[in-house]
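Before any comments, here is the structure.
Nothing in this text is a laboratory measurement; each read-out follows from the coordinates by a stated rule. What you are looking at is a predicted structure, and each value in this text was computed from that prediction instead of being measured. Here the Cβ is made from the backbone with ideal geometry for all residues, glycine too, and neighbour counts use every protein chain on show.
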There are 2 protein chains.
Amino acid sequence: MRSVYLLLCIPAVCLASVREYSEERAKMVRNEARLSLGGRSELTDKESAVNDCLMRHKFREIDYGFDNPRYYNFSHHFFEYMRDIELSKVYRIIRDMPKGAALHVHDMGILGPDYVVNITYMDHLYVCFQDGDVKFKFSNKSPKDICANKWELMSNARKLSRNITEFDAKIRAYFTMYTDDPGAVYPTIKESWGVFLKYFGRILPLVTYRPVWEQYFYDVLKQFRSDNVMYVEVRSLLPNLYELDGTVFPMLVTAMAYKKAIHRFVRDYPDFYGAKLIFAPSRRIDIPKLEEYLQLARAIKEDMPEEFAGFDLVGQEDAGKPLIEFVPQLLEASKDLDYFFHAGETNWYGTLTDDNLYDAILLGTKRIGHAYALPKHPLLMDEVKKRGIGIEVNVISNAVLSLVRDVRNHPLSIFLARDLPVVLSSDDPGIWEADSLSDDFYVAFVGVANRLEDLRVLKQLALNSLMYSALSGAAKTEAIVKFNAQWDQFINNFDCSRY
Amino acid sequence: MRSVYLLLCIPAVCLASVREYSEERAKMVRNEARLSLGGRSELTDKESAVNDCLMRHKFREIDYGFDNPRYYNFSHHFFEYMRDIELSKVYRIIRDMPKGAALHVHDMGILGPDYVVNITYMDHLYVCFQDGDVKFKFSNKSPKDICANKWELMSNARKLSRNITEFDAKIRAYFTMYTDDPGAVYPTIKESWGVFLKYFGRILPLVTYRPVWEQYFYDVLKQFRSDNVMYVEVRSLLPNLYELDGTVFPMLVTAMAYKKAIHRFVRDYPDFYGAKLIFAPSRRIDIPKLEEYLQLARAIKEDMPEEFAGFDLVGQEDAGKPLIEFVPQLLEASKDLDYFFHAGETNWYGTLTDDNLYDAILLGTKRIGHAYALPKHPLLMDEVKKRGIGIEVNVISNAVLSLVRDVRNHPLSIFLARDLPVVLSSDDPGIWEADSLSDDFYVAFVGVANRLEDLRVLKQLALNSLMYSALSGAAKTEAIVKFNAQWDQFINNFDCSRY
């Protein structure tokens, strides 16, 4: 990789026109940079020093890849380079950097397989192995749930396995999509979504045991906090919680468990700003079910207005119902509820899935989940910017779930170039063993963004995550003040030699 | 795949707002469609009938893929679905459709491996096998060219092989990138470009034998004509031609051979409009060499002003010199020469390769080859449109040469949505055994474009190829008149039941 050239005026051709050319070119480059996210902000002297360190490492990493395309990590599947990320100095800086909020995460996909294995050490857990898969259930007696084989206590099964390390490794493998041959295991979206959905089927009975659920989300917040994230908006299906005796609670109880966990966490860690809930049931439902869910959303909002952000519909977009089927109901409910719709999480163009972008925008969504297909819609790109609709980008998720292989083709680069209201998030980081937000920031910054984009884009992305959050006016201001204090501390304590 | 929904007004929620919503949505969809390439043109009644047939088949193909994502062809490597393309009725219609011009093709990569094998049956051809590779040379005596093994007459080698079918299959394999395991053979751009460049090393001595060269380009034009292409602009390195006795001709002779071949072809096939030459030497050169080439370009232009279109620099962009190194010389020569620069054929963003887009535009290029990276540059996208710079898009090439795997991620979709001055071309179709233009049109139309884009986009792409050609005013008009006649004939003779 060569550094930027100055045009040399060779005497014979040293024309005024070359000077003019250079000036016009510089102006063009400058104007385009100013269009980009963070491109008009200025760094303080101290920030500039941090930036020098950051960019020296960024250039080294990118330029090594440019000169050695065969080894360029980001052109491969995430699983092929995830173990190397920790070696990156840019990553280490990003990990220490305050990143604001995570606004697009699904509750049951956040903590990784090691955490899940730990859950399986709890008392009263039953297991049933069948057809190369596994089922769990907490109960005070052997479960009645259908299973081809017999249910047994997990503690017994583990004991009888003789080799506990091997046994636990097998259990662990059920709770990660990681594989060292992603090309063969996930040739298309069909296979990646297949494994992805199976994960949720397996984890559901583990985490919906009431005592686990209450602790799980507390630990989610802990993990985000330790990754220098200060605020979270979490999407939840609000699955019914249950007790050992088989008691099943209504969904409202699940929402209340969130409220409890959030309050407990903020009490324990007052430097953490908080969290809100987006009720996000499956999009594979009929109209009566939707109406029931909208009614529930209203009830939750009434019960916990502070902790409730709004409503969404989730699941593989291509395989679920398009928003247009629900317009009358969603339009009506938009008087009471804020929307945070998934839309355009697809490679298809001109299909009903792709059309979800129109409906999300027209239904007044506050943010769009993914919006991967947005660059194919120039008019909608302008609308998103004009209406200030946050775009929740999850690069690693889109790579693992087969929308894009080489992340340099991810549309985030286009969003950044046009200063769209982007926020970075991590979707389901536990399922692909990414950390809660830093890996996504890292891949976005080094793998996707313009080589020249610097600390300003990172800071603006962190700020965007608060600006486009569901926090209300005063709370938003307060959160930004808190963020700025964290940021200043990061800048003031920065020591390049530590990395 | 469901068909487009009408919003049903359910009595209880049948509000004026749903009607308003539907109207606003329809307006938005319409406005966006009108922004797209071909989106403002109207079909005649007869064209509408053709379009109905075309779109019925297009919907069937796309919707089958949508419902069966595991088998969706275009998400795989081109080599995994190329054999199936012939089965497509959309493809068959496109093959019969007049497609205007091919404006981005490299002379030595157009005819496929079967054609090359035929060349190896000519007299006086010597061969040398070394290190799993092969070298050829036409000569009236055993060549002196360095080779680890001995040179022998190809006719003898073939005879001695005992199994000629096997022998020819082996020879053929040297002249195609096709493999049934593209994921393993071409994991990154390094490997695909490696094999791609080796092809050129092998074919060079075969086609630069003067009698072959003169016939080769004649046969190129024949192949384009049989694919319903009426005009070609070909890029050439202008390699030195040679005779059996070792005589080597200057590059100007190669250019003159083009002139001869073009005239002979148009005389033999008066319905073909013609061809022009773009002199396109390697970008891995120094300034003195560049100046020599620019001088040669001027000489060619002087000698054959009708057949000479302009100048370009070629080779893997990431591995070659960026345009900025040559600005003083290219700026000076822009007074005499038209440019058709390759630029932005890269996944990198913010590197010198990516920056070639700035310089191509500022140097006044008439068209840009590939411009794959253009969507990351919003300001340059506007410039391209404002200045009417043709964008030469080669989807299959970009897939085979590792820029993009799932072609639904190809930036062409964005160019089409914004009505950029796109022309479709095929780059080096022979090397990946695609046909000369129809396969590229097919993949672009069914794999990349909006599901709803129809005959209007195909017609406009064909018209663009003449509009953005190097033809001068009167000739351009004449070519378009000729195209329109071909088009009317295609429409008038169209019989849906034939497909």
Using a label point 7 angstrom from Cα along Cα-to-C-beta, what distances in nm, from shortest up, separate B:Arg30 from the other copies?
4.5
Using a Förster distance of 51 Å, the FRET efficiency for B:Lys222-A:Val185 (Cβ separation, nearest 0.05):
0.65
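Quick check on the range A:157-224: take the gyration tensor over C-alpha atoms, sort the square-rooted eigenvalues as a ≥ b ≥ c, and tell me if it's rounded (a/c under 1.5), prolate or oblate. Let's see the in-between values first.
Working: a/c = 2.06, a/b = 1.20, b/c = 1.71.
Oblate, because a/c is 1.5 or more while a/b does not exceed b/c.
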Find every distance from the label point of B:Lys385 to the corresponding label point in the other copies (7 Å from Cα along Cα→Cβ) and write them in nm, one decimal, shortest first.
1.1
Can you compute the FRET efficiency between A:Ala474 and A:Lys385 using 1/(1 + (r/R0)^6), with r the Cβ-Cβ distance and R0 = 22 Å? Round to the nearest 0.05.
0.30
Note the distances from A:Glu214 to each other copy's matching label point, with points 7 Å along the Cα-to-beta-carbon direction, in nm, sorted shortest first.
9.3
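Restricting the count to DSSP beta bridges whose residues both fall in the protein assembly as shown, what percent are antiparallel, rounded to a multiple of 5?
Details: 18 of 68 bridges.
Close to 25 percent.
Report the charge-dipole magnitude of the protein assembly as shown in Debye, nearest 20, computed about the Cα centre from +1 at each Lys and Arg Cβ and -1 at each Asp and Glu Cβ. All intermediate terms of the calculation are to be shown ahead of the outcome.
Details: 122 positive and 138 negative charges, 33 e Å.
Dipole size: approximately 160 debye.
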Each residue of A:323-330 has, on average, a number of other protein chain C-beta atoms within 10 Å of its C-beta equal to 5
Given the -39500 (n - 2.57) contribution per DSSP H run of 4+ residues, what per-residue ellipticity at 222 nm results for chain B, rounded to the nearest 500 deg cm²/dmol?
-14500 deg cm²/dmol
Modelling each spin label as a point 7 Å along the Cα-to-Cβ direction, I'd like the B:Thr44/A:Asn484 distance in nm, to one decimal.
6.7 nm
Which whole-angstrom value gives the distance between the alpha carbon centres of the range A:451-499 and the range A:255-301?
26 Å
Using only Cα atoms, locate the centre of the range B:22-100 and the centre of the range B:238-252, then give the distance between them in Å, rounded to an integer.
47 Å
Partner aspartates and glutamates whose C-alpha sits under 14 Å from that of B:Lys89, ignoring same-chain residues fewer than 8 away, are B:Asp52, B:Glu61, B:Asp439, B:Asp495
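Would you mind working out the magnitude of the charge dipole of the range B:115-175 relative to its Cα centre, with +1 at each Lys and Arg C-beta and -1 at each Asp and Glu C-beta, to the nearest 20 Debye?
On the way: 10 positive and 7 negative charges, 30 e Å.
My answer is approximately 140 debye.
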Take the alpha-carbon centre of the range B:143-179, take the same for the range B:435-449, and report the distance between them in whole Å.
34 Å
What shape does chain A have by the C-alpha gyration tensor, where a ≥ b ≥ c are the square roots of the eigenvalues, rounded means a/c under 1.5, and otherwise prolate means a/b greater than b/c and oblate the rest?
prolate
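Taking a ≥ b ≥ c as the square roots of the eigenvalues of the Cα gyration tensor of the protein assembly as shown, is the shape rounded (a/c under 1.5), prolate (a/b larger than b/c) or oblate? It would help to have the intermediate numbers written out before the result.
Working: a/c = 1.76, a/b = 1.75, b/c = 1.01.
Note, shape of the protein assembly as shown comes out prolate.
Can you sort A:Met122, A:Met381 by how many other beta carbons sit within 10 Å, fewest first? Intermediate results must be reported in sequence, preceding the final value.
On the way: A:Met122 15, A:Met381 24.
Ordered by Cβ neighbours within 10 Å, fewest first: A:Met122, A:Met381.
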Straight distance only, please: which aspartates and glutamates reach the Cα of B:Lys170 with their own Cα at less than 19 Å, same-chain residues fewer than 8 apart left out?
B:Asp114, B:Asp131, B:Asp133, B:Glu152, B:Asp180, B:Asp181, B:Glu433
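Give the peptides A:166-179, B:310-323, B:481-494, B:344-357 in descending order of average Cβ contacts within 10 Å, highest first.
Details: A:166-179: 17.0, B:310-323: 22.4, B:481-494: 15.1, B:344-357: 24.0.
Highest-to-lowest ranking by the protection proxy: B:344-357, B:310-323, A:166-179, B:481-494.
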At a 10 angstrom cut-off on C-beta neighbours, averaged per residue, how do the peptides B:99-105, A:39-45, A:372-378, A:419-425 rank from highest to lowest?
B:99-105, A:372-378, A:419-425, A:39-45
Neighbouring Cβ atoms within 10 Å as the yardstick, rank B:Cys128, B:Cys147 fewest first.
B:Cys147, B:Cys128
Rank these for me by crowding, B:Phe196, B:Phe59, going from fewest to most other beta carbons within 10 Å.
B:Phe59, B:Phe196
Name the lysines eligible as straight-distance cross-link partners of A:Lys46: C-alpha to C-alpha under 17 Å, and not fewer than 8 places from it in the same chain.
A:Lys459
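Holding the Cα-Cα limit at 30 Å, pick out from A:Lys58/B:Lys376; A:Lys150/A:Lys321; A:Lys335/A:Lys482; A:Lys260/A:Lys366; A:Lys137/A:Lys222 the pairs that are longer than that. Each step should come with its number before you reach the end.
Working: A:Lys58/B:Lys376 19 Å; A:Lys150/A:Lys321 37 Å; A:Lys335/A:Lys482 32 Å; A:Lys260/A:Lys366 26 Å; A:Lys137/A:Lys222 26 Å.
Violating the 30 Å Cα-Cα cut-off are A:Lys150/A:Lys321; A:Lys335/A:Lys482.
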So if I restrict to the alpha-carbon atoms in the range A:115-175, what is the Rg, and what is Dmax, the biggest pairwise distance, in Å?
10.9, 29
